[in-house]
Amino acid sequence: MMRKVISGNQAVALAVKLANVGVTGIYPITPQTTIIEELAEMRARGEISTEIVRVESEHSAMAATLGAALAGIRAFTATASQGLLYMHEMVWWTAGSRTPVVMVVGTRAVGPPWNIWNEHTDFTSERDSGWIMAFASNPQEALDLTLQAFRISEDERVFLPMMVGMDGFILSHTKTNVLVPGGEEVEEFLPPRRQPYVVDPEEPLGMGNLFPPIEYMKLRNSIDLALRNSEDAIREIGRDYVRKVNPMGDYSSLNVKYKLDDADYAVVLMGAWAGDAMEAIDKLREEGVKIGMLRIRYLRPWSEREIRNALDGKKAVLVLDRSTSFGRGGPLYVEVKSTVADVVPSVKGVVSGIGGVAVNKVDLYNLFKKFVSGIREDVIWYYPEGVEKVELRTPRDIE
Amino acid sequence: MLEIRFHGRGGQGVVTASNLLAEACGLDNLYSSAFPIYGAERRGAEIEAYCRISDSPIRVTSPVEEPDYVVVIDPSLLRISKAVFRGMKTTSKVVANYSGELQLKWRTFTINANKIATELGLVKSGWPMVNVVMLGALVRVMGIPSLEALKRAIEEEFEGRVAELNAKAVEVAYKEVKENYVLA
Amino acid sequence: MSLLEYQYFPVTRPGKGAGGKTGLWRVYRPVVNYQKCVGCRACFMFCPENTILLWQDKVRVDYDYCKGCGVCANVCPVKAIEMVSEQ
């Protein structure tokens, strides 16, 4: 274990190196690009032997990655925003094929208009694709989750691809202290690749041929069961990771509680702004407000049991979404509400931090204070201090 | 926790400066984080970068709005920028690349970094590279990280003659930075 | 590797008779005229169901599985395959 000051993207590249990835299909897109740049540099220096396949689009990046994975090779790719949207079809093919693959998404807003900054809508829009979906809240977690992703994805209870999200720029480009494991520790944690079947010209098979309706339905059912069964695998692998690789980490549960058990009020969110939220919660606690946080680390599988247990009996829950589900607030709000509506009297949703709008600890403190004193609307769009009012104008109004 | 905000222009190595500071702190076994606000950067555009230093893990990931130190890498920003002094507390300090005396509301330290860089031949495409010079001054004013750690971080970031010149520049700035006293 | 009971994959492996005895689907059967057949194996190459079998220097048809599509008769350069009604 070595302590280094590195960015989230560098941390992910190191995880890919440590996992001994055989093939990566790559196509650049901000803010993920430095992951693959870092891998290309490692390859140029002879530190890794990963085959780097440069393609002409993200659709092909995933196709190349899936192709390698089907042939029995540990494979990785990374993308963001429009890239993930363009890759969408192959994202579903990969999950449907039940082939272990790992992808990192440096989250970014979706156009138009062009916006390179952070929000989670690209990531959350893949929530029904059948992938295991984890989201980091700091560069250390990005490294840890990427390494765990290979083992989770390759676990016989799972056999599904896994996506690791991290906030674009806020995590991908922030340099901070990261404990980087050594090769031996990882070797002990990560067994050789396993997958349900391998495409091999010596023993031909067809993947994804036309299946009759009932067989198709059974396949979709199987993905659902694998995703549900992945919960236990994730906890078990998380604990093993702490034992063998990073003793400073806490991966015994899918989601993470902060000052929640004795809290009357709970905040639910995902990603990097958990850091500022913890500071805001500490300040409110000092003022005597019993408030805590549940950080969603796994969007899929959605651990209904963990989330219900964590929020059961709270007076009110506030769900923060850094992504949109137009007309319904945000995806987390919809999920949380459907999970706890019968055990929590009030579940409110907040959409904020969209398109890179910075939401800091002071903004969150103000928001949480407002929440504790009672928000009338079910869902609000929250603009941080300094932004007084949104003026919704059509071009016709602009002189 | 110490919060530092760097102000400069695209092409002056503002991001590299905050990264180097964070790396040097890491070498001194401190916790640190560094990040910029990314925009559509072009040479000459106003750039901000942030660095936090602490003896415990840093949780905050948002931009620095109430800095303990503001580092002004480009002197012209003192004249034209609205962003440089925002959110400053009475205890905040300013470290500026400036050739004369500065009279501000806060404790202010100046260093003629343009001159140091030019004299050492730290010039790229006609611009004196003052980012690392400013770190020498900042490290002196803050007292952390150690000058040794900063020089090690420079050796890891740069190569050959550039590394050598930057290490020398840091030493000069460390010695020459001076506080500007407000005259009563 | 033994797989967990709920795990099911979108995979098919080539095998005889996965769709039953498809020979029953046949309306016209290909019949090889050995007087004309030159053993070029074009029919063998083109048969979509792999039911043209190599036999001595020439070919024969696996009538259990041949669906009678007629591709072989169509590609035969010497018109050695005749499609004959099953009725």
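The values are calculated or read from the model by the stated rules, or taken from the named source; none is laboratory data. Every value quoted in this text rests on a predicted model; they were computed, and no experiment measured them. FYI the Cβ positions are ideal-geometry reconstructions off the backbone, even for glycines, and counts take in every protein chain you see. Just so you know, the surface numbers come from the protein's heavy atoms only, side chains and all, with ligands and any DNA or RNA stripped out. Shrake-Rupley method; radii C 1.70, N 1.55, O 1.52, S 1.80 Å.
General observations
- All positions within the stretch B:12-49 that are under 20 Å from A:Thr30 (Cα atoms) and of a type in the set (Ser, Thr, Tyr): B:Thr16, B:Tyr38
- With respect to being touching a residue at least 40 places away in the same chain (Cβ under 8 Å), open to solvent by less than 20 Å² (accessible area, probe 1.4 Å) and of a type in the set (Gly, Ala, Ser), B:Ala163 falls outside the description.
- Selection of strands (runs of 3 or more DSSP E) fully inside the stretch A:1-62 by the criterion of at least 1 residues being among the basic types (Lys, Arg) returns A:2-6, A:51-54.
- Filtered residues of the stretch C:24-38 (kept if surrounded by 15 or more Cβ atoms within 10 Å (Cβ to Cβ) and touching a strand residue (DSSP E or B) at 6+ places or on another chain (Cβ under 9 Å)): C:Tyr28, C:Arg29, C:Pro30, C:Val32, C:Cys37
- Within the stretch A:340-373, the set of residues being more than 14 Å from every other protein chain (Cβ to nearest Cβ), outside any helix (DSSP H, G or I) and open to solvent by less than 50 Å² (accessible area, probe 1.4 Å) comprises A:Val343, A:Val344, A:Ser346, A:Val347, A:Lys348, A:Gly349, A:Val350, A:Val351.
- A:Asp240 vs. criteria open to solvent by 30 Å² or more (accessible area, probe 1.4 Å), more than 9 Å from every other protein chain (Cβ to nearest Cβ) and at negative phi: no
- The residue that is nearest to B:Gln12 (Cα to Cα), among those in the stretch B:89-103 that are without any contact (Cβ under 8 Å) to a residue 60 or more places away in the chain and open to solvent by 30 Å² or more (accessible area, probe 1.4 Å), is B:Tyr98.
- Of the criteria (1) over 30 Å from B:Tyr50 (Cβ atoms); (2) surrounded by fewer than 17 Cβ atoms within 10 Å (Cβ to Cβ), which one A:Ile48 fails: (2)
- Residues in the stretch A:212-242 that are assigned to a helix (DSSP H, G or I) and over 23 Å from the mean Cα position of the chain (by Cα): 8 in all.
- In this entry, C:Pro14 passes the filter for residues that are loosely packed, with under 13 Cβ neighbours inside 10 Å and either within 30 Å of A:Val199 (Cα to Cα) or without any contact (Cβ under 8 Å) to a residue 60 or more places away in the chain (or both).
- Residue in the stretch C:46-62 that is in contact with a Ser or Thr (Cβ under 6 Å, 6 or more places away or on another chain) and surrounded by fewer than 16 Cβ atoms within 10 Å (Cβ to Cβ) present: yes
- The strands (runs of 3 or more DSSP E) located wholly in the stretch A:249-339 that include 2 or more residues which are closer than 17 Å to A:Ala134 by Cβ, more than 14 Å from every other protein chain (Cβ to nearest Cβ) and under 21 Å from the mean Cα position of the chain (by Cα) occupy A:298-300.
- Wholly enclosed strands (runs of 3 or more DSSP E) of the stretch B:55-170 bearing at least 1 residues basic (Lys, Arg): B:93-97, B:107-111
- Residue match in the stretch A:76-95 (condition: among the charged types (D, E, K, R), assigned by the TED database to the domain that holds A:Pro196, open to solvent by less than 20 Å² (accessible area, probe 1.4 Å) and in contact (Cβ under 8 Å) with a residue 12 or more places away in the chain): no
- Of all the residues in the stretch C:74-87, those that are open to solvent by less than 80 Å² (accessible area, probe 1.4 Å) and in contact with a helix residue (DSSP H, G or I) (Cβ under 8 Å, 6 or more places away or on another chain) number 4.
- Test: residue in the stretch A:16-36 that is open to solvent by less than 20 Å² (accessible area, probe 1.4 Å), more than 14 Å from chain B (Cβ to nearest Cβ) and out of contact with any strand residue (DSSP E or B) (no Cβ under 9 Å at 6 or more places or on another chain): no
- Helices (runs of 4 or more DSSP H) contained in the stretch A:113-193 and holding at least 3 residues over 18 Å from the mean Cα position of the chain (by Cα) and modelled with pLDDT of 95 or more: A:183-189
- One residue stands out in the stretch B:16-44 among those that are part of a helix (DSSP H, G or I), within 9 Å of chain A (Cβ to nearest Cβ) and of a type in the set (A, V, I, L, M): the one that is most open to solvent (accessible area, probe 1.4 Å), namely B:Leu27.
- Where a residue in the stretch A:180-209 is more than 21 Å from A:Glu156 (Cα to Cα) and in contact (Cβ under 8 Å) with a residue 60 or more places away in the chain and its partner, wherever it lies, is open to solvent by 20 Å² or more (accessible area, probe 1.4 Å) and part of a strand (DSSP E or B), with Cβ under 6 Å and at least six apart: A:Val180/A:Met2; A:Val180/A:Lys4
- Here A:Phe150 meets the list (1) aromatic (Phe, Trp, Tyr); (2) open to solvent by less than 10 Å² (accessible area, probe 1.4 Å); (3) more than 19 Å from A:Asn246 (Cβ to Cβ) almost entirely, failing just condition (3).
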